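The values are calculated or read from the model by the stated rules, or taken from the named source; none is laboratory data. All values reported here derive from a predicted model rather than from experimental measurement. Note that each Cβ is placed from the backbone with ideal geometry, even for glycine, and that neighbours are counted across all protein chains shown.
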Amino acid sequence: MTSPELESVTAPLWDIAIVGAGPAGAMAAYLLAEQKLNVLLLDQAAFPRHKACGGCLNHRTLELLNQCGLSDLTAQLGAKPLQRLVVAVGTRPAAIEIPQGRSVSRERFDFALIEAAQKRGAVFLAQAKASLQNPDEHFARIQVRIENKPCEVRAKMVLVSDGLAGDALRQLPGYSSNTAEDSLIGLYASLAPGSFADEPGTIYMACAQSGYAGLVRREDERIEIAAAVLPAVLKASTPAACVRLIFEEAGLAIPAGLSRAVWLGTAALHRTRRILSGRRFFVLGDASGFVEPFTGEGIYWALLQARELVDLLQSQQFNWKPALIEKWQRKNFKLMEPRKKLCHFISALLRWKTLRSLMVEMIRRSPWLVRPLIRWIHGPASPERSIRSFHRACL
Ligand SMILES: Cc1cc2nc3c(=O)[nH]c(=O)nc-3n(C[C@H](O)[C@H](O)[C@H](O)COP(=O)(O)OP(=O)(O)OC[C@H]3O[C@@H](n4cnc5c(N)ncnc54)[C@H](O)[C@@H]3O)c2cc1C
């Protein structure tokens, strides 16, 4: 990926600057560049970069990529098809069919989305840590550190998609996020091919008292493990030992090479951010608040928010108006609240041993009871469906 000249980044007044080039930011850049806007996408990391994530794209994510003109993207990356979920809690595991999804490493997926945005004309700058400043009357200001040198970027509007632990808003008082007290911590490792005797097309979820772990095979046959664990357990142990314990307690075979693996950790997984927009900026993706990733929808949420925000800006011909602050706040709440609540509810249920066992027993004996829930989470469906349609689907 070639870097643009520094001056070509700092001199223009950008229509939109985007901080964070994960799925939310890269998708927004792709859609905005399609509208022939002058778009700058910034990320503090060097790409391709690792991200603590299972890399499972559910059916809805694939539908959304399709609708945005990216139907070939996952096939080009060699993403593996997924059609089954196995849940293990210590009793006999339960298997359930899921609408077709795909697994792909985040290194390749995120990089491919950025390249798609660049092809449409967005300018991408990696290794650029950004921090929003108080806006001028006519434009937003971002302080960017490039090669350890501070410089200023100006844009008519800024999208903040800096993820779970992002701090791009740290210099604007009143816009910080809060961590939930009972939050789990995320862990991730990529294991050598053949480390686990998996059935092709299957996601394995191991649930235990200290947390849960998901396992899936990715496009290059490596085995991805992503887990969410209690901070107290992690503090007293190592990531490999925590994940081993979860697999043991859940009754699944222990993947080989756990202690040799390089483990990535995350910040606390359950975060809320009350205010999602301000003068000339909007927050989206994990940066707008996140719950534990048990339902595996985070990438879908990020892409959906990107598309919905671009639609909202388009309705104002991409001109900044103060009314957009309230509009994004309300739209985002309607879009995300039911999904986050459901994910949080399921994660909370899993902390109780008896409820975990009951859930698995229910999947084994009466899978038809769980199918509406799976359909609501994974699709296929129109993205605007609300929690009411979930209730209808259950009836
Ligand atoms: C353990 C775990 C497993 C998961 N498994 C799945 C799964 O299987 N399927 C799924 O759909 N979701 C999963 N998720 C959720 C998913 O990873 C996230 O929801 C998704 O990455 C959100 O995308 P995003 O673009 O909002 O943020 P991110 O992907 O986190 O991107 C944010 C970007 O912002 C950059 N950044 C941060 N601060 C700055 C700054 N100041 N300046 C410039 N750049 C900055 C970062 O470098 C990063 O590249 C999982 C999450 C966890 C923790």
From the option list Thr74, Thr91, single residue qualifying as among the hydroxyl-bearing types (Ser, Thr, Tyr), over 21 Å from Ala189 (Cα atoms) and within 13 Å of the ligand (Cβ to nearest atom) is Thr74
Item to complete: Answer yes or no as to whether Ser161 is more than 24 Å from His59 (Cα to Cα), of a type in the set (Ser, Thr, Tyr), within 14 Å of the ligand (Cβ to nearest atom) and assigned by TED's automatic domain parsing to the domain that holds Ala302.
Response: no
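Yes/no matrix, rows are residues, columns are (1) buried (at least 20 other Cβ atoms within 10 Å of the Cβ); (2) of a type outside the set (Asp, Glu); (3) farther than 30 Å from Gly54 by Cβ:
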site	(1), (2), (3)
Lys119	no, yes, no
Ala128	yes, yes, no
Leu132	yes, yes, yes
Gln143	no, yes, yes
Cys151	no, yes, yes
Ala165	no, yes, no
Pro173	no, yes, yes
By residue number, the members of the range 138-152 that are more than 11 Å from the ligand (Cβ to nearest atom) and closer than 14 Å to Pro12 by Cα are His138, Phe139, Ala140, Arg141, Cys151, Glu152
Checked Gly101, Gly90 against criteria (in contact with a His (Cβ under 8 Å, 6 or more places away or on another chain) and crowded, with 17+ Cβ neighbours inside 10 Å); the one match is Gly101
For this session: Take Val262 and decide whether it is in a loop (DSSP other than H, G, I, E, B) and either touching a Lys or Arg at 6+ places or on another chain (Cβ under 6 Å) or surrounded by fewer than 20 Cβ atoms within 10 Å (Cβ to Cβ) (or both).
Result: yes
Arg92 passes all but one of the listed conditions (1) within 19 Å of Gly285 (Cα to Cα); (2) outside any strand (DSSP E or B); (3) in contact (Cβ under 8 Å) with a residue 40 or more places away in the chain; the exception is number (1)
Subset of the range 57-71, residues outside any loop (DSSP other than H, G, I, E, B) and more than 10 Å from the ligand (Cβ to nearest atom), comes to His59, Leu62, Glu63, Leu64, Leu65, Asn66, Gln67
Only one of Lys340, Lys321, Lys334 is free of Cβ contacts under 8 Å to residues at least 60 places away in the same chain, crowded, with 16+ Cβ neighbours inside 10 Å and not hydroxyl-bearing (Ser, Thr, Tyr), namely Lys340
Discussion item. Within 17 Å of the chain's Cα centre (by Cα), within 13 Å of the ligand (Cβ to nearest atom) and crowded, with 20+ Cβ neighbours inside 10 Å: is that true of Pro23 in this structure?
Written reply: yes
With criteria (1) surrounded by fewer than 23 Cβ atoms within 10 Å (Cβ to Cβ); (2) modelled with pLDDT of 90 or more; (3) closer than 16 Å to Leu13 by Cβ, Val158 comes up short on (1)
With criteria (1) more than 8 Å from the ligand (Cβ to nearest atom); (2) in contact with a Lys or Arg (Cβ under 9 Å, 6 or more places away or on another chain); (3) within 30 Å of Arg92 (Cα to Cα), Ala256 comes up short on (2)
Inspect the range 34-56 for any residue being in contact (Cβ under 8 Å) with a residue 24 or more places away in the chain, away from the ligand (no atom under 15 Å from the Cβ) and of a type in the set (Gly, Ala, Ser) and give the result as yes or no. no
Kindly indicate whether Ala232 is at pLDDT 95 or above and not assigned by TED's automatic domain parsing to the domain that holds His138.
-> no
